[in-house]
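Note sheet for the following structure.
The values are calculated or read from the model by the stated rules, or taken from the named source; none is laboratory data. Predicted model only: the values in this text are computed from it and were never measured. Note that each Cβ is placed from the backbone with ideal geometry, even for glycine, and that neighbours are counted across all protein chains shown. For accessibility, only protein heavy atoms count, side chains too; no ligands or nucleic acids. Shrake-Rupley method; radii C 1.70, N 1.55, O 1.52, S 1.80 Å.
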Amino acid sequence: MLKIGEFSKLSRISIRMLRRYDEVGLLTPETTDAFTGYRYYSEYQLPAANRITALKQMGFGLAAIAEILRCWDDPTALERCLAVKRAEVETALAEEAQRLRLLDTALERLRKDEDNMKYDVTVKTIPERCVASVRQVISNYDREGDLWGIYCQETAGMKIQDGEPMFCAAVYHDGEYKESDVDVEIQRSVKGTYPDTEHVKFKTAPAVQAASATFRGSYDQIGGINEAVAAWVRENGWAFDGPMFNIYHIGPYQTRNPEEFLTEVCYPVRKE
């Protein structure tokens, strides 16, 4: 039998944590002296101690570790637990990578001259045009690519000609920013007449007057663009008048490098 200090050295787990594991029933000493209260462990408990340490390093909490240890001899259940944790870690990594991109963008903009950080806002009329349209309620804004996928799939082989000027745009029909169930319509300008498919509708989009600002780079800049447009609208006596939309002059379908994206943010406006 091993005293708690000896077992601590062999397992590389502090005495404090061994006592904690005992309290929660995760790793109970082989015996405890009834008179002194001293805890004694067996060498045969070292594999269990090592499993606990490994699972903690993977990010599991004590309650989850207890569940996993109970199914340790069931490979299917064990694989399922590890797969779930792996998916959680992948999600966390993606969120951290996004935070890093935001920080890098902020640092890069801070290093530039102030003039380069300004966005030019202009009022322009987007002309009437024939478009292929897909409009659906999607789970969130990041799923917009699903609509473009539907368009490509359902129009493959139709030999659709691009309209002039050629616009690829996304219209956001909700009257507010929503965290889920967002009403989004994608439009691609076309030339000619084509039959509707299950989800792709061909229609004429009316002309619209919009305050617009064009920027190059990742979509992380949208917040700054919105600030610039809102300030311009306020200072020049205009009012917002309809759902905003983005025109993708260069987007993910043309390049995989976000720094090469060229996006025009448009807010329909009217003179007050």
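Before moving on, here are some points about what is shown:
- Stokes-Einstein D (µm²/s) once Rh is taken as the Kirkwood radius of the stretch 149-205 over alpha-carbon pairs, at 25 °C in 0.890 mPa s: 191
- Accessible area per residue, Å², the chain with all protein chains present, probe 1.4 Å: 63
- For the listed peptides 209-216, 66-73, a ranking on the average number of other beta carbons within 10 Å per residue, highest first, reads 209-216, 66-73.
- The simple spin-label model puts a point 7 Å past each Cα toward its Cβ; for residue 10 and residue 158 those points are separated by 7.3 nm.
- Lysine pairs meeting the criterion (Cα under 21 Å, 8 or more apart or interchain), as found in the chain: 8
- Which labelled figure in (i) 23.1; (ii) 17.5; (iii) 25.2 is mean projected area of the Cα convex hull in nm², once derived from the coordinates: (i)
- Table column - 3J(HN,Hα) (Hz), the stretch 141-155, Karplus curve with 6.51, -1.76, 1.60, x for Gly and Pro: 5, 5, 8, 4, x, 4, 5, 5, x, 4, 4, 5, 5, 7, 10
- Look at the dipole of the chain built from charges on Cβ: of 168, 219, 207, the Cα furthest out on the positive end belongs to 219.
- For the chain, carbon and sulfur atoms together expose 51% of the accessible surface, with a 1.4 angstrom probe and every protein chain in place.
- Degrees, to the nearest 10: 222-235 long Cα axis against longest axis of the chain: 40
- FRET efficiency, residue 256 to residue 28 (Cβ-Cβ, R0 35 Å, nearest 0.05): 0.05
- The stretch 184-266: GluC sites (Glu not before Pro) in DSSP coil with no more than 15 other Cβ atoms inside 10 Å: 198
- CD proxy at 222 nm, helix term only [per DSSP H run n ≥ 4: -39500 (n - 2.57); per residue of the chain; nearest 500]: -12000 deg cm²/dmol
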